[in-house]
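Enquirer: Sharing a structure, written as structure tokens. Questions coming.
Where a number appears in this text, it was derived from the coordinates with a stated rule and is not lab data. Computed from a predicted structure; not experimentally measured. Virtual Cβ from ideal backbone geometry, glycine too; neighbours counted across all protein chains shown.
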């Protein structure tokens, strides 16, 4: 039995189905880099796993607990945390308040406000600022902190490097590595191949709402033909 | 002139107490509660029934608070099955509730306007800078200011307020922390309804209690919400004080055009600031 077992997952929006029977198994503590061209359904998969896009059919089992059909807050309490595309921090809420709210339903564990601020010291300096006043990189750190403070077992990261400077991307890579060291399972959707290759144990590629290829990161990197065929990159 | 400005403040603070719950629930959950005016009128009839003594006035306030809490929680529960529908569907439901409540109030209290007396010792007038002014309205300004400050501090400075602001800004992200949106909505709905019913009691000595008052104050509250911006406490306060002044000054200076002045102010704000004075793009989520 895998830690995460997704089978036959069908989901999407009013205007059409995006995931057409997707299957995905993931072992506890693994970091999966999820790649694919624009519009193949990577974000829809992330949002469906978090419960923010409704499941039409299929199952999502986390440690043998069925999550399909559950509300997002129930899924969060089962140990799933989301760092969404576009960060989606609350502009009118301060950094300190973000941290307090995020730990209010914490499952208990490694991550406390203090340990997260040790990992992301920039946030400590900005505690009193509203999230709307932060730079893009700081907002991304805050979105990561928000997810960590729930003490999740599975973290879903949707393009965390989007629009950020290389130094910030390196910091995100460091945080993902720390999560992995703490035994957190990670699904990372990324366009930045350098980041994905740097932190992922395995690479999976999506096409038209399903997984079409999966390989250990090192093997995927030795196979530029496949990467080129699936991603349109060298 | 001074009397008119004071009246503007009295009505402004009353409007804030009425409108703040409407604004936050709409900004947070896309639920436009058109039964909000009926809650105010219910409070006004409680005042008409019990006021006359201090005990009666305070009893009316207490009953309005408890009844408002319960009614708000009930309304929140009723709109829940329509959560995935458009906010027009939800507004239609609350409009139906408003009609039913208005009819029940007519059955219970009749068609005739009822007056609500101010508590003893406040039913006289006092001298303010040479002008005579009803003592009750002066106290209302003070009570309204204190209530407005209390609501502002709770929303802007406390942990619970942070949860409310976060839910207004992006409720899905609140849910991903394991917090059930429905509880936040029910709590805000209940407290907002408590404030609306309480405003009805407090406003009784000014507006009285009569059929149709619910629609009148609902429209004023909607104007306040639109001018101030959805989901913003600061916006609701500024919008309420502006509308209080515009309404009373309009009645004094341009009696024939009073209601026109009100909506002209609304139109002006909408042209210049379509999201309201304090509405940020983030707080008007299209999700």
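Enquirer: How much of the DSSP bridge set in the protein assembly as shown is antiparallel, in percent, rounded to the nearest 5?
Expert: 60
Enquirer: Could you put B:230, B:32, B:202 in order, starting from the residue whose Cβ has the fewest other Cβ atoms within 10 Å?
Expert: So the ranking, lowest neighbour count to highest, is B:32, B:230, B:202.
Enquirer: Using a 10 Å cut-off on Cβ to Cβ distances, tally the other chain neighbours for every residue of A:84-97 and report the average as a whole number.
Expert: 5
Enquirer: Follow-up. Looking at the P(r) of the stretch B:167-233, how many percent of alpha-carbon pairs lie beyond 13 Å?
Expert: 74
Enquirer: Please compute the contact order of the stretch B:196-287 in relative form: average sequence separation of alpha-carbon pairs under 8 Å and at least six residues apart, divided by the residue count, as a percent.
Expert: 30
Enquirer: Enter the Cα centre distance for the pair the stretch A:184-229 and the stretch B:56-100, rounded to the nearest angstrom.
Expert: 51
Enquirer: May I pose another question? Mean shadow of the stretch A:1-130, computed from the convex hull of its alpha carbons, in nm²?
Expert: 9.3
Enquirer: Also: Applying 1/(1 + (r/R0)^6) with R0 = 30 Å to the Cβ-Cβ distance of residue A:191 and residue A:57, what FRET efficiency is obtained, to the nearest 0.05?
Expert: Working from the Cβ atoms, E equals 0.55.
Enquirer: Cα gyration tensor of the stretch B:51-182, axes a ≥ b ≥ c as square roots of the eigenvalues: rounded (a/c below 1.5), prolate (a/b > b/c) or oblate?
Expert: Since a/c reaches 1.5 but b/c is at least a/b, the shape of the stretch B:51-182 is classed as oblate.
Enquirer: Taking only Cα atoms, what is the 0 to 90° angle, nearest 10, from helix B:54-79's long axis to the longest principal axis of chain B?
Expert: Result, in degrees: 20.
Enquirer: Dividing the alpha-carbon Rg of the stretch A:118-173 by 2.2 N^0.38 Å yields what?
Expert: In units of the globular-protein estimate, the stretch A:118-173 measures up at 1.11.
Enquirer: Using a 7 Å offset from the Cα along the Cα-to-Cβ direction at both residue B:58 and residue B:4, what is the distance between the two label points in nm, to one decimal?
Expert: 3.8
Enquirer: Follow-up. Hey, what does the equivalent ellipsoid look like for the stretch B:83-142, semi-axes from the Cα gyration tensor as sqrt of 5 times each eigenvalue, largest first, whole Å?
Expert: 39, 19, 8
Enquirer: Please give the contour-minus-distance gain from residue B:150 to residue B:131: 0.36 nm per residue of separation, less the Cα-Cα distance, rounded to one decimal in nm.
Expert: 3.8 nm
Enquirer: I would also like to ask the following. Can you sort B:227, A:168 by how many other beta carbons sit within 10 Å, fewest first?
Expert: Taking fewest neighbouring Cβ atoms as first place, the list is A:168, B:227.
Enquirer: If you take the square roots of the eigenvalues of the alpha-carbon gyration tensor of the stretch A:68-111 and sort them as a ≥ b ≥ c, do you get rounded (a/c under 1.5), prolate (a/b over b/c) or oblate?
Expert: It is oblate, given that a/c is not under 1.5 and a/b is not larger than b/c.
Enquirer: I need to check one value: relative contact order of the stretch B:95-224, counting alpha carbon pairs closer than 8 Å and at least 6 residues apart, in percent.
Expert: 34
Enquirer: Just want the ordering: A:208, A:42, from fewest to most Cβ atoms lying within 10 Å of their own Cβ.
Expert: By the 10 Å Cβ count, ascending, the order reads A:208, A:42.
Enquirer: Let me know the Kirkwood hydrodynamic radius for the protein assembly as shown, please, with Cα pairs as the basis and the value in Å to one decimal.
Expert: Radius from the Kirkwood sum: 25.3 Å.
Enquirer: Additional query: Using a Förster radius of 60 Å, what is the FRET efficiency between residue B:66 and residue A:15 based on their Cβ-Cβ separation? Nearest 0.05, please.
Expert: 0.85
Enquirer: Rounded, prolate or oblate for the stretch B:143-201? Axes are the square roots of the Cα gyration tensor eigenvalues, ordered a ≥ b ≥ c, and the cut-off for rounded is a/c under 1.5.
Expert: It comes out oblate by the Cα gyration axes.
Enquirer: Rg and Dmax in Å for the stretch B:175-287, alpha carbons only: what are they?
Expert: Over the stretch B:175-287's Cα set, Rg and Dmax evaluate to 16.4, 55 Å.
Enquirer: Report relative contact order for chain B in percent, whole number only (criteria: Cα-Cα under 8 Å, sequence separation at least 6).
Expert: 37
Enquirer: Distance in nm between label sites at residue A:64 and residue B:115, each 7 Å beyond Cα in the beta-carbon direction?
Expert: 7.6
Enquirer: Just to confirm my numbers, what's the Cα centroid distance between the stretch A:116-146 and the stretch A:77-107 in Å?
Expert: Here the two parts' Cα centres lie 11 Å apart.
Enquirer: Considering the zone a paramagnetic label at residue B:253 would reach in this model (a point 7 Å from Cα along the Cα-to-Cβ line), which residues of the stretch B:1-22 have amide N under 20 Å from it?
Expert: From the stretch B:1-22, the list is B:1-13.
Enquirer: For the stretch A:8-24 and the stretch B:215-268, what is the separation of their Cα centres, given in Å?
Expert: 48
Enquirer: Modelled label-to-label distance, residue B:89 and residue A:128, 7 Å Cα→beta-carbon offset: nm?
Expert: 4.7
Enquirer: Once you've got the GNM for chain B with C-alpha springs shorter than 10 Å, pick whichever of B:78, B:28, B:173 has the biggest mean-square fluctuation.
Expert: The residue that fluctuates most here is B:173.
Enquirer: Using only the alpha carbon atoms of chain A, find the Kirkwood hydrodynamic radius as the inverse mean reciprocal pair distance, in angstroms to one decimal.
Expert: Answer for chain A: a Kirkwood hydrodynamic radius of 17.9 Å.
Enquirer: Further, regarding this structure: Is it possible to state the helix-based mean residue ellipticity at 222 nm for the protein assembly as shown, with each DSSP H run of 4+ residues giving -39500 (n - 2.57), the sum divided by total residues, to the nearest 500 deg cm²/dmol? What is it?
Expert: -18500 deg cm²/dmol
Enquirer: Something else: Normalise the Debye intensity by I(0) for chain B, one equal point scatterer per Cα, no solvent, then take log10 at q = 0.08 Å⁻¹ and round to two decimals.
Expert: -0.32
Enquirer: Once you have the Cα-Cα distance between residue A:229 and residue A:170, take 0.36 nm times their residue separation minus that, and quote the gain in nm to one decimal.
Expert: My answer for the length gained is 18.5 nm.
Enquirer: If the stretch A:66-166 were replaced by its equivalent ellipsoid, with semi-axes equal to the square roots of 5 times the Cα gyration tensor eigenvalues, what would those be, largest first, whole Å?
Expert: Computed over the stretch A:66-166, the values are 22, 16, 12 Å.
Enquirer: Quick one, can you get me the convex hull of the C-alpha atoms of the stretch A:113-234 expressed as volume per residue in Å³?
Expert: 122
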